[in-house]
Each structure stands twice: as C-alpha cells, then as structure tokens.
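Here the structure comes first, spelled out in structure tokens, and everything after it is commentary.
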Amino acid sequence: MAEIKLDSLIKSYGPDQVLHHVGADIEDGEFIVIVGPSGCGKSTLLRMIAGLETITSGEVSIGGKVVNGLEPADRDIAMVFQNYALYPHMSVRQNMAYGLKIRGTPKAEIARRVQEAAEILEIGAFLDRKPRQLSGGQRQRVAMGRAIVRDPQVFLFDEPLSNLDAKLRVQMRLEIRKLQKRLGVTSIFVTHDQVEAMTLGDRLMVLNGGYVEQFGTPIELYDRPETVFVAGFIGSPAMNFLPAEADGGVVTLANGVSLPGAEGVRGKITFGVRPEHLVPDAAGPIRVQVQVFEALGANTLVHGVLEGTDTELVVSLPGHETPTPGDVLCYAAPGEHHHLFDAESGARIAP
Amino acid sequence: MVEKRPGFTIVAHIVLIFGVALVALPVWITFVGASHDGARMLQAPIPMWPGDQFFENLRQTFFGRGLDGSRTAPVWMMMFNSLVMAMMIAVGKIAISLLSAFAIVYFKFPFRMGFFWLIFITLMLPVEVRILPTFEVVADLGMLNSYWGLTVPLIASATATFMFRQVFLTIPDEMLESARIDGAGPMRFFWDILLPLSRTNIAALFVILFIYGWNQYLWPLLITTDPDMMTIVVSIKQMLEASEQTPQWNIIMMTALLAMVPPIFVVIAMQKLFVKGLTETDK
Ligand SMILES: Nc1ncnc2c1ncn2[C@@H]1O[C@H](COP(=O)(O)OP(=O)(O)OP(=O)(O)O)[C@@H](O)[C@H]1O
Ligand SMILES: [Mg+2]
C-alpha cells in the first residue's frame, strides 16, 4: 500500500536539464500514465522513481518515506522493461524466483508465489522453458510475472507493450488494466501512445520537453486541455487549431469569417475545435475546402483547408460520406466545444 | 556456392584433398616414425608405412628415463608440467580478464579510461619484447624452476580483456538494472548473470589459450633449468641436440605425437560449446 509523492524533481545531465520541477501526488492504488513524445523525459522520470537514475534535486517518497538514497532493491518496487530484460539463461521459473531467492525467501514460499503468479498470468505451461523459447507476448507475461511475484508496493512499466503487434497490444493493455485493479498496486506506466494512455490511466501526466504540461484524468485532459500541446496530443484525430483574433465575444478567423465566442477575450488567439465536434450546417461559419477523405467504416475523416487560407483542418463525420475533393462544406462549431489558447504562450484562456 | 557443374565439383575436391594432404603429411610421417625402431629410422629412405614398434616406443618414451645424454625427464612428467602450465595460463588469463573487463565495463572509478589504455598498451609488449626485465623479476622473486615462474608472467591478457569487454557491452543495460531491482549486488550479478551469459565465450577462449599455453617455447626454455620442470615442447628441441649421439628419431617422433594429444582433446571436448559460442545469439 503506497502513495507516491514527487516533489519538484529535477534531472540534469551535465549542463542539460532534461526534467524541470516535476511534481505529483499519486494516491494508493492509482494507475498513472506518463505520456509524451519521444525524448521528453518519460523514461528518465520513471527510472528516477525506480532508483536507476540519480536525482539531481527534489524528492521522491514512496509510502510516506523519502527514498532518494535507497537502492532500487530497497524501494519495494518492480519494473517491467520495454525489452523485458529476462535473464536468457534462466528458465521462466528461475526468472520469476530470482528476486525472491536473493531476498532469502524460503523455498516453499517461492514455489507457492511463482505458482500463483503463473496461474494469474496463464503461463503455467511454460515455467520450465527458457525465454528464447517463448513468443513476444509470452515473454511479456513472464516479465509481468516477475514483477508480481515480488508483491511490491509499486509497479513501474516502461513502454512494455511497444514490442507487440497491434492486436496483442490491445489485449495486453486490457489485461494489465484488469490485473492492476485486481491487485490494487500503485502503478506508473510510461507510453508515447495516447490511446494506450487514455485507456489505461486513472490519471495522465503529459510531459513535453521535461515539463509537466498537465496532470489529470483522461476526460479532464480531453475536455479541458490546459495547453495547445495537450490539446493536440490527446485525442485522435488531433484537435484543429485555427489562428484567430478575439474581440470580446467575436472570434475572427484568418479568412475573415467571424463566429460568436470568446467572451471577454481580446487579441491574438489559437482557436481549437476537435474534428468530432464540427457539425454539418449549411449556414455554418467554418467553411472547409475538401482535399481528401478517409472512410474508416464507422466514421469518415474529411481532410481539407479552411476556405481562403492554407490552414489544414480535419472533420470527423459519422457514417459513410463521400465528399468530392474541391467541394466546400460548411460546419458549425458549438460554443461549448470551443478551446481558446493564447497565441503566444499556448496556455488555455477560455472558456 | 550453389554451382551444379560436375567439373567444378571435381576441381574443388582436388584442391581440398591437396590441402588436407599438405596438412596431414607431416603428422603421418611423425606417426610412422614413432612406430619403427631406432635403427630403421636412420636408414634411407625413411619408411612411409607404419612399423610394429609403436607400443614399445610408447612405453619407452612415456615411462623411460628419457634419452641418454639429453638430460630430459620422462615424457609423462613433462606432459604433466605442460598440462599444469597450460591450465594455469588458460584459467588464470580467463579469470583475470573477466574481472578486469567487469571492472572496466560496469564500474565508474577515477582514471577508468587511463586503466583501459594501460591494458591496451600491454598489447604492444608480449613476452618476447620484455623478456630480459621479466626474467630479472622472476629470478629475483625466486620463481625460476617453478610453476609460478612458468605461468605468472604470461597470465595478464589484454586480448582476452577486450574480448570480454566486447561480450559485456552486448549485454543490454536493462539486464543489470533488472538484477539491481531484484536485489543482486555486483558480485552476485557477476556470478549469476555475467558468467553464465559469457559461458560459450569462455569455452572458446579456453581452447585458444590452452593451446597458446601448451605451445609456449621461449619462456619455459629460459626459466627452467631443472629437467624435472621442463615442458614437453621444449624437450623435443633438447632431444634433437642430445650430445654425443645420433638423434633417436623413433623416440623424438613419439614425443612429438604425444605433445599433440592434449590440445586435440581440449578441442574435441570444447567443440560443441565453441561452435555454440559462434552461432548462438542468446543475449
Ligand atoms: N545518459 C544520458 N546523458 C545525457 N542525456 C540523456 C541521457 N539519457 C537521456 N538523456 C536525454 O534525456 C532526455 C529524456 O530521455 P528519455 O529517455 O527519458 O526520453 P523518453 O521520453 O523516454 O523518450 P522515448 O519515448 O524515446 O523513450 C532526452 O533528451 C535524452 O537525450
Ligand atoms: Mg523511453
């Protein structure tokens, strides 16, 4: 049972600071997903929590105890690596038992725990195989098994699903989620895949360039992104951003078309609206010149530009639509789905 | 090659058979020489087919008091000396190189790169180059005519250190990290993870180093004056120079033949691991 507290964590490699004042309070049993583009510092942050990377400044506490000075083995954590890092010369059973053996757990107890974990993960049939005799998905399970036999306070995952094929990834994602709820162990999961992040996390931490952009539930992030970055990162297809001018109640787009919105906001803004929130409306102010469309079955994605500009725009329409390239389609953007950001800083200003 | 022309196959086989004959002929002559009596070996032409004295020669060579006037020990004793020397060199080199590669790859200590280069530089200083000072040191330490004197100066090995360094570098960092999370300290990691993962490389290196040790000539020649400490490779040369006597070719050939046996055994015994080391990518 452990809550985790990150207090103003900083990481520097020589003169390069790669994490800037990262802070978070994670509750016991919560599933936190750290998400962000490549190189934003996700792995570094996770490894600092694990104790594999030194902490330049700030504090990590697990279960109310500051663990900055503790070895990884003494932090009561378990980690699942992207390449699984199973010991190739040991059988699955030995792989899972190794940590317990080092801790001097009695033999009978080790056997019992390995058996139990093997049952949960359905890997009982190949306990005596070597890792190289397993498929990628099975190795993934063994890596999970190695983590759960230890019965740790915290699970740490560093992109554990990225070596699996798409179908298996979806399946394992659900299993990890179920397993975590069942065991109730506080977990931190790193991924660069926003769908994975949305489906797994109780709360998401969006990192960008070493800064926490936003930390909240998936729905909060979707409904009320705090920055342009989060708005563009969460949701698929990504939110449309249109440069605009606000004049206390009227938003004027780059092609001169105005629509009501942005009460009390003045100056240059970035007007954001999600593709799925644009509604067909013959008198709608957002006129899109169609370039191509993608029929996905359940819906159709129309790619085009805002008429009279070269700002690209995506519209998601339910069902089968077959617009002709070159046509101009008109859409309305209901006020409750507007996202307004400061054009300079990218911070949310309204609503 | 997937050529299917019969002419090509025949040519290829002729070349191969010629190569085999070239390598095998001296061995055959040695074997033939070891199976005749001493008198027959001194008549021209030398025999090309085995005689009937093989086991007699074997007994005489293996257990006899060596050649008259050659001041050599019985061959079994020299084989034992060679074996001890080769084993000590091979095992010692492997142990020391494993540990130094472990230190260089996995530990951060001051002047790490300095030590790395220091080891590298010793590549340029094989025994032959530093033979006088090394002899002086060994003599001053009173290690002449001892197994230590035979082996210690040859034990440090830059080549093996580099090889193990390369092996360790191919082991992903996550292996170390996951061992750390499992609670394994450095030596535990070395024993439980690194050693088993380098098993095939150790076997391959053992074969090479055993033969290297077994074939040592110059160094044992210099530091052993006591016939009881002489190695078999050195003794063959001594026998040729046996004073006031025509060379006893049957005995010399038998000794040469015996000198070939242990390396062959090592190669055969280690072959499976050796090949595995070259073909299996397990990490
Ligand atoms: N040992 C190091 N020395 C210097 N810089 C490093 C080191 N390790 C990581 N970095 C830098 O820290 C930043 C964050 O790296 P990190 O591995 O945490 O990224 P990431 O978010 O996990 O990316 P990815 O999704 O590609 O795994 C990167 O800019 C990287 O170049
Ligand atoms: Mg990473």
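Using a Förster distance of 60 Å, how high is the FRET efficiency between B:Ala12 and B:Trp191, based on the Cβ-Cβ distance and rounded to 0.05?
Details: r = 48 Å, r/R0 = 0.80.
Calculated transfer efficiency: 0.80.
Keeping all protein chains in the complex and leaving out DNA, RNA and ligands, what accessible area do you get for A:His192 with a 1.4 Å probe, in Å² to the nearest 10?
100
If you roll a 1.4 angstrom probe over the protein chains with everything in place, what fraction of the accessible area of the protein assembly as shown belongs to carbon and sulfur, to the nearest %? Walk me through the numbers before you get to the answer.
Numbers: 19040 of 30980 Å².
Answer for the protein assembly as shown: carbon and sulfur cover 61 percent of the accessible area.
Suppose R0 equals 35 Å; then what is the FRET efficiency for A:His320 and A:Leu174 from their Cβ-Cβ distance, rounded to the nearest 0.05?
0.75
Do you know the relative contact order of chain B, to the nearest whole percent, from alpha carbon pairs under 8 angstrom that are 6+ apart?
32
For the protein assembly as shown, what is the calculated [θ] at 222 nm in deg cm²/dmol (nearest 500), taking -39500 (n - 2.57) for each run of four or more DSSP H residues and dividing by its residue count?
Taken over the protein assembly as shown, the calculation gives -14000 deg cm²/dmol.
Using a probe radius of 1.4 Å on heavy atoms only, what accessible surface per residue do you get for the range B:34-281? Whole Å² is fine.
Computed with neighbouring chains in place, this is 52 Å² per residue.
Hey, if we sort A:Lys178, B:Lys4 by accessible area with the 1.4 Å probe, largest down, what's the order?
My answer, sorted largest first, is B:Lys4, A:Lys178.
If I take every Cα pair under 8 Å that is 6 or more residues apart in chain A, average their sequence separation and divide by the length, what percent do I get for the relative contact order?
Relative contact order of chain A: 15 percent.
Find how much the distance from A:Ser12 to A:Ala282 grows on full extension, using 0.36 nm per residue of separation minus their present alpha carbon separation; answer in nm with one decimal.
Values: separation 270, 0.36 × 270 = 97.20 nm, distance 5.46 nm.
Between A:Ser12 and A:Ala282, full extension yields 91.7 nm more.
Work out the P(r) tail for the range A:114-171: percent of alpha carbon pairs separated by more than 18 Å, whole number.
36
Just the number, please: buried accessible area between A and B, total of both chains, 1.4 angstrom probe, nearest 100 square angstrom.
Approximately 1900 Å² gets buried when A meets B.
Let me know the whole percent of all Cα-Cα pairs from chain A that are separated by more than 36 Å.
When all Cα pairs of chain A are counted, 35 percent exceed 36 Å.
Report, in degrees rounded to the nearest 10, the 0 to 90 angle that the Cα long axis of helix A:166-183 makes with the longest principal axis of chain A.
Helix A:166-183 sits roughly 60 degrees off the main axis of chain A.
Classify the range A:74-161 as rounded, prolate or oblate from the Cα gyration tensor: take a ≥ b ≥ c as the square roots of its eigenvalues, call it rounded if a/c is under 1.5, otherwise prolate when a/b beats b/c and oblate if not.
Oblate, since a/c reaches 1.5 and b/c is not below a/b.
GNM, chain B, Cα, under 10 Å: largest mean-square fluctuation among B:Met187, B:Met88, B:Met79?
Sorting by GNM fluctuation, first place goes to B:Met187.
Can you sort A:Thr56, B:Thr61 by 1.4 Å-probe accessible area, starting with the largest?
Order by accessible area, largest first: A:Thr56, B:Thr61.
Placing unit charges on C-beta atoms (Lys and Arg positive, Asp and Glu negative, everything else neutral), compute the dipole magnitude of chain A about its Cα centre in debye, rounded to 20. Please list the in-between numbers first.
Details: 33 positive and 43 negative charges, 415 e Å.
The dipole magnitude comes to about 2000 debye.
For the range A:219-265 and the range A:1-68, what is the separation of their C-alpha centers, rounded to whole Å?
For the range A:219-265 versus the range A:1-68, the Cα centre distance is 32 Å.
For every other residue with a beta carbon closer than 12 angstrom to the beta carbon of A:Pro106, add +1 if it is Lys or Arg and -1 if Asp or Glu, then tell me the sum.
Overall, the nearby charge balance is +4.
Report Rg (one decimal) and Dmax (nearest whole number) for the range A:1-110, counting Cα atoms only, units Å.
According to the Cα coordinates of the range A:1-110, Rg and Dmax are 16.0, 51 Å.
Helix B:199-214 sits at what angle to the longest principal axis of chain B, using alpha carbons and giving 0 to 90 degrees rounded to 10?
So the inclination is approximately 40 degrees.
If you take the square roots of the eigenvalues of the alpha-carbon gyration tensor of chain B and sort them as a ≥ b ≥ c, do you get rounded (a/c under 1.5), prolate (a/b over b/c) or oblate?
oblate
In the neighborhood of B:Met143, defined by Cβ-to-Cβ distances under 15 Å, what is the net charge if each Lys or Arg adds +1 and each Asp or Glu adds -1? Spell out each step's value before the answer.
Numbers: positive: none; negative: B:Glu136, B:Asp140, B:Asp226.
It works out to a net charge of -3.
Hey, got the average number of other protein chain Cβ atoms within 10 angstrom for residues in A:82-91?
Taking the mean over all residues of the peptide, I get 5.
Can you tell me how much longer the chain between B:Ala156 and B:Val91 gets when fully stretched, taken as 0.36 nm per residue apart minus their C-alpha distance, in nm with one decimal?
Stretched out fully, the B:Ala156 to B:Val91 stretch lengthens by 22.3 nm.
Taking the C-alpha atoms of the protein assembly as shown, how large are the radius of gyration and the largest Cα-Cα span, Dmax, in Å?
My reading of the Cα-based Rg and Dmax gives 37.4, 122 Å.
What is the spin-label model distance, in nm, from B:Phe63 to A:Lys5 if the labels are put 7 Å beyond Cα along the C-beta direction?
8.5
The values are calculated or read from the model by the stated rules, or taken from the named source; none is laboratory data. Small disclaimer: the values here were computed from a predicted structure and weren't measured. Glycine also receives a Cβ, built like all others from the backbone with ideal geometry; neighbour counts cover every protein chain displayed. Surface accessibility is based on the protein's heavy atoms, side chains included, excluding ligands, DNA and RNA. Shrake-Rupley method; radii C 1.70, N 1.55, O 1.52, S 1.80 Å.
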